[in-house]
């Protein structure tokens with residue numbers, strides 16, 4: 001697997017750092033991790049994608065599954081720091097309109113910190 | 001008469017003397033998901049090591065062109081090529097071979113001049129994947145444009161292959177599948 005996965009917490013919210021290649025080989029691992037972190041008590045999730053240089057359709061699907069579960073639990077799912085080519089993929093699939101995308105962690109956590 | 005140069009010599013940045021027709025890579029890997037990054041890296045290198053490949057040197061002036069490495073259009077072009085290859089190969093490994101770990105994937109990359117639907121000559125990157133997995137014709141499938149409100153959890157792969165290529169061709173010879181994916185360089 002050419003993807004590095006790290007979990008930490010910020011303001012009590014799971015913050016995942018992904019680095020490398022987020023593709024068919026790593027997607028099911030990440031999807032299972034995302035789904036295991038979300039529940040009624042903890043419905044929010046932030047994924048920092050700054051280090052991800054390649055995402056394929058199964059990587060996208062893992063993120064979509066995470067976002068849907070957050071929304072079902074009335075939480076939010078946020079992505080931080082998409083590289084330009086990865087953003088291009090989101091635009092191709094129109095998922096840039098579905099996800100909450102933030103340039104920095106600070107921006108993604110701003111209203112969590114206030115809330 | 002064009003002057004010929006050694007295709008392995010990257011020192012020339014002039015496409016007029018570079019024999020693009022001779023640029024070709026063939027690679028055969030085991031049909032496993034962990035081998036797909038090797039295929040993608042090969043295509044990325046193929047794009048990067050051919051001098052001036054994506055520049056305007058042999059392009060008619062009225063066509064949009066891909067710019068030099070480092071620009072957004074170049075990065076998106078190369079990403080598109082990698083993505084199309086990744087999606088097609090991943091489908092073959094997961095569905096065709098059902099992740100058995102057996103079988104092979106053979107990739108051929110070339111840069112021929114092709115005719116588009118209007119009959120105009122275009123330079124193109126052609127990716128050909130050959131395998132002996134179960135038959136699967138991605139050109140025969142109905143593909144919807146993803147709806148961001150609905151957010152489907154499947155179907156992006158075939159959509160991307162269709163969206164990011166200019167021409168797709170599938171054929172089956174005996175026990176072999178052959179998928180040809182064409183993307184115009186300009």
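Within segment A:9-28, the set of residues being touching a strand residue (DSSP E or B) at 6+ places or on another chain (Cβ under 9 Å) and over 24 Å from residue A:94 (Cα atoms) comprises A:9, A:10, A:13, A:14, A:15.
Every residue, every condition in (1) in contact with a helix residue (DSSP H, G or I) (Cβ under 7 Å, 6 or more places away or on another chain); (2) more than 10 Å from every other protein chain (Cβ to nearest Cβ); (3) part of a helix (DSSP H, G or I), yes or no:
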{"residue": "A:25", "(1), (2), (3)": "yes, no, no"}
{"residue": "A:30", "(1), (2), (3)": "yes, yes, yes"}
{"residue": "A:39", "(1), (2), (3)": "no, yes, no"}
{"residue": "A:49", "(1), (2), (3)": "yes, yes, no"}
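Which count do you get for residues in segment B:11-40 that are in a helix (DSSP H, G or I), under 17 Å from the mean Cα position of the chain (by Cα) and at pLDDT 95 or above? Final tally of qualifying residues: 6. Which condition number does residue A:79 fail, the rest of (1) assigned to a strand (DSSP E or B); (2) away from chain B (no Cβ under 11 Å); (3) surrounded by fewer than 22 Cβ atoms within 10 Å (Cβ to Cβ) being met? All conditions are met except number (3).
Among the residues of segment A:14-22, is any at the interface with chain B (Cβ under 9 Å from one of its Cβ atoms) and in a strand (DSSP E or B)? Looking through segment A:14-22, at least one residue is at the interface with chain B (Cβ under 9 Å from one of its Cβ atoms) and in a strand (DSSP E or B). Residues in segment A:99-115 that are at pLDDT 95 or above and either facing chain B (nearest Cβ under 7 Å) or assigned to a loop (DSSP other than H, G, I, E, B) (or both): A:99, A:103, A:104. Does residue A:55 count as away from every other protein chain (no Cβ under 14 Å) and crowded, with 22+ Cβ neighbours inside 10 Å? In short, no. The residues listed here are B:103, B:119; of these, the one that is at pLDDT 95 or above and over 27 Å from residue B:76 (Cβ atoms) is B:103.
The values are calculated or read from the model by the stated rules, or taken from the named source; none is laboratory data. From a predicted model like this one, the values you see are computed outputs, not experimental measurements. Heads up, the Cβs are rebuilt from the backbone with ideal geometry, glycines too, and the neighbour counts pull from every protein chain shown.
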